[in-house]
Amino acid sequence: MKKIERLISIVMILLQKEIVSASELSRLFNVSKRTIQRDMESLSYANIPVYAEYGPDGGYGLMNEYKFDKRLLNSQDLENILVSLDGYDQLITDPEIQVTIQKIKAMANANLSANLDLTFYNWTGRSELKENLSFIKEAIEKSWLIKFDYIDQLGKRTVRLVEPYRLHLNEMDWYLSAYCTERSDYRTFKLTRMIEMKKEGLFKPRLENRGQTTLMQRESLKKVQVELLIEAAIRDQFIERYGQSLVTEISADCYLVEIELPENHFAYQFLAGFGNKLKILKPQTFVEKYLHFLEETIGLYK
């Protein structure tokens, strides 16, 4: 985090708290206490009315007349924002998101409901993905050409040189919309298939940036109506994804699901994840393609 961003964040926190210790700010921004002291000096030079209180309960604060009116957001608004940030953070752990959450928690103070609980994870894969996301975000902002090796779903490896335009999150996966110089067209790349990324000069952004169509949108253009017989154990997962109206009770242990799915490996992988808790009833062409997908998978172990 740049110094100016840290200073703004500190002000946001001090606006909503009476006193914040140097130790707390040091842990939050992952800097030394001496750096926090220098930050406070910088804020004072900028005519921000920061003051220090000494002693066991001491720390830094802002003059009351500089405080922010918390009535702009009520406690429910703050809870909704926190829940949304929690959902995002469980996809990728980002220190900047943690700082934002701390700011909002400071605004919410003790007004949050007792039943609101936020849990954050820091898996190794997410940390690595965060580094790639940060690199690509900077590349988009500074118009860097980026070069990388791309491994497609069949394992084929190619070298790509692209103009990055847009990052988007589709369910649990991150994608990059970019102009591929080798293909002379816009393409969508899955981040987990991009390796050995590096800067390769600069580019002038194209006015006709059409890199808005995601890979998943392209894949889902053709869909078929599929009927599934599922066990009660996985009923809630289909309701969460497709809604109550498409899940019909047949018996206490069995439900009928009628949904539209693309005829591709994304759909087959999704269904296969439920194992023997699910059976495809129709259409027969979809059943046959799904069985072929399973046979290819089983063939790996023969």
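The values are calculated or read from the model by the stated rules, or taken from the named source; none is laboratory data. Owing to the predicted nature of the structure, the values given are computational and were not obtained by experimental measurement. When we count neighbours, we look across all protein chains shown, and the Cβ atoms used for this are built from the backbone with ideal geometry, even at glycine. Surface accessibility is based on the protein's heavy atoms, side chains included, excluding ligands, DNA and RNA. Shrake-Rupley method; radii C 1.70, N 1.55, O 1.52, S 1.80 Å.
At a glance:
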quantity	calculated
Single condition E227 does not satisfy, out of (1) of a type outside the set (A, V, I, L, M); (2) modelled with pLDDT under 85; (3) out of contact with any helix residue (DSSP H, G or I) (no Cβ under 7 Å at 6 or more places or on another chain)	(2)
Candidate set from the stretch 144-167 (those that are closer than 21 Å to N264 by Cα and under 23 Å from the mean Cα position of the chain (by Cα)); member that is least open to solvent (accessible area, probe 1.4 Å)	Y150
Residue match in the stretch 176-185 (condition: open to solvent by less than 50 Å² (accessible area, probe 1.4 Å) and touching a residue at least 60 places away in the same chain (Cβ under 8 Å))	no
Members of the stretch 252-276 found to be modelled with pLDDT under 90, open to solvent by 30 Å² or more (accessible area, probe 1.4 Å) and assigned to a helix (DSSP H, G or I), listed by number	H265, F266, Q269, F270
Tabulated pairs, the stretch 223-242, first part of a helix (DSSP H, G or I), second among the aromatic types (F, W, Y), C-beta under 7 angstrom, 6+ apart or interchain	A232/Y255; I234/F274; R235/Y255
Among (1) modelled with pLDDT of 85 or more; (2) under 30 Å from G155 (Cβ atoms), the one test that S220 misses	(1)
Residue ID - farthest from Q153 (Cα to Cα), chosen from residues in the stretch 165-200 that are in a strand (DSSP E or B), of a type in the set (S, T, Y) and touching a helix residue (DSSP H, G or I) at 6+ places or on another chain (Cβ under 8 Å)	Y165
Residues within the stretch 1-36 that are part of a helix (DSSP H, G or I) and either in contact (Cβ under 8 Å) with a residue 24 or more places away in the chain or closer than 27 Å to K137 by Cβ (or both), tallied	23
Residue check, D39 part of a helix (DSSP H, G or I) and modelled with pLDDT of 80 or more	yes
